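Written out below as structure tokens is the structure these notes cover.
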Amino acid sequence: MRYAIYFAPPADDRLSQTAGRWLGRDAFTGETSEFPALAGLDAETRHTLTADPRRYGFHGTLKAPFALAEGSNEAELVAAFEAFAADLEPFEIPELTLHQLGPFFALVSATHCGPLQDLAAQAVQHFEPYRAPLSEADMARRSPDKLPERQREYLRKWGYPYVFEEFQFHLTLTGPVPAETAKPMRTVLENTFAEHIGKPLDVASVALFVEPHRGAPFLVHSLLPLGSATQRKIA
């Protein structure tokens, strides 16, 4: 079993619902849906090219998936997650944009967003005591020899190469897209997510996801609002 700390909008948020329909799976319920063909993109191609993000569920990584450290248990992790969410304040990403990260398409912040970088850095550090070291096989899957030195060091120390200044927030929408399919894919995604591209995004919640066993689809274990400690103080 592995856990992950992600950003995810609430289940009833329009972005969550649009993304669930696009990926063909709702990470809150585990329910899957059919893949109708879209203009310029047939159903089989769409199903294939969304396989990776469909398994992980719609999210933005804050703390990458990890197994629990020896001596830790789920109850302790959940308590730490509740404390983490309570002590943070919600904020807004000023603008979302569709971007291609190598062969992958994702929604990203159009500009540098300091609070977003801070949130990710805090998540990496806050949950580190609960993370088991990567196995040799997991380390090898990251192809450390192909990473820059700083990312290799972060992989060794934090279990994930893209943390701190190497972090780039992204809400993944596809797996690797072949070059010949990139243009129609971009057009389809621009149409599908038109309501959200160029608009702000509220970061008002964080989610604890769980992978019941290796290779299984990730599910939302719990989603909590940011800033509940402040709300309690005001009340």
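The values are calculated or read from the model by the stated rules, or taken from the named source; none is laboratory data. Note that the coordinates shown come from a computational prediction; the quantities given were computed from them, not determined experimentally. Using ideal geometry, Cβ is built from the backbone for each residue, glycine included, and neighbour counts are taken over all protein chains shown. Ligands, DNA and RNA are excluded from the accessible area calculation, which covers all protein heavy atoms including side chains. Shrake-Rupley method; radii C 1.70, N 1.55, O 1.52, S 1.80 Å.
Within region 216-223, one or more residues are among the small types (G, A, S), within 24 Å of L68 (Cα to Cα), within 15 Å of the chain's Cα centre (by Cα) and outside any loop (DSSP other than H, G, I, E, B).
Hey, can you tell me all the residues within region 101-128 that are hydroxyl-bearing (S, T, Y) and free of Cβ contacts under 8 Å to residues at least 24 places away in the same chain? Give the steps one after another, and end with the answer.
Keep residues of region 101-128 that are hydroxyl-bearing (S, T, Y), which gives 109, 111.
Once the filter is applied, which keeps residues that are hydroxyl-bearing (S, T, Y) and free of Cβ contacts under 8 Å to residues at least 24 places away in the same chain, region 101-128 yields only T111.
What residue, among those in region 28-53 that are of a type in the set (V, I, T) and open to solvent by 60 Å² or more (accessible area, probe 1.4 Å), is nearest to P103 (Cα to Cα)? Looking at residues that are of a type in the set (V, I, T) and open to solvent by 60 Å² or more (accessible area, probe 1.4 Å), I get T48. Just a yes or no: is a residue in region 28-45 modelled with pLDDT of 95 or more and within 28 Å of P200 (Cβ to Cβ)? Yes, the conditions are met somewhere in region 28-45.
Considering region 133-179, and only residues there that are over 20 Å from the mean Cα position of the chain (by Cα) and assigned to a loop (DSSP other than H, G, I, E, B), the residue that is farthest from L41 (Cα to Cα) turns out to be P133.
Hey, any hits in region 169-177 for a residue that's over 30 Å from T48 (Cβ atoms) and either open to solvent by less than 70 Å² (accessible area, probe 1.4 Å) or touching a strand residue (DSSP E or B) at 6+ places or on another chain (Cβ under 9 Å) (or both)? No. Contact annotation: residue pairs with Cβ atoms under 9 Å, 6 or more positions apart or on different chains, pairing a residue in region 188-199 that is open to solvent by less than 40 Å² (accessible area, probe 1.4 Å) with a partner that is in a loop (DSSP other than H, G, I, E, B) and modelled with pLDDT under 95, are V188/A39; V188/G40. Find the residue count for region 54-88, including only residues that are of a type outside the set (A, V, I, L, M, F, W, C), open to solvent by 10 Å² or more (accessible area, probe 1.4 Å) and either under 15 Å from R21 (Cα atoms) or not in a helix (DSSP H, G or I) (or both). Selection size over region 54-88: 11. A11 satisfies every condition listed in (1) hydrophobic (A, V, I, L, M, F, W, C); (2) out of contact with any Phe, Trp or Tyr (no Cβ under 8 Å at 6 or more places or on another chain); (3) at pLDDT 95 or above; (4) assigned to a loop (DSSP other than H, G, I, E, B) except (2).
Name the residue, out of P115, P129, that is open to solvent by 70 Å² or more (accessible area, probe 1.4 Å) and in a helix (DSSP H, G or I).
Details: P115 fails: open to solvent by 70 Å² or more (accessible area, probe 1.4 Å).
Only one candidate passes the filter, namely P129.
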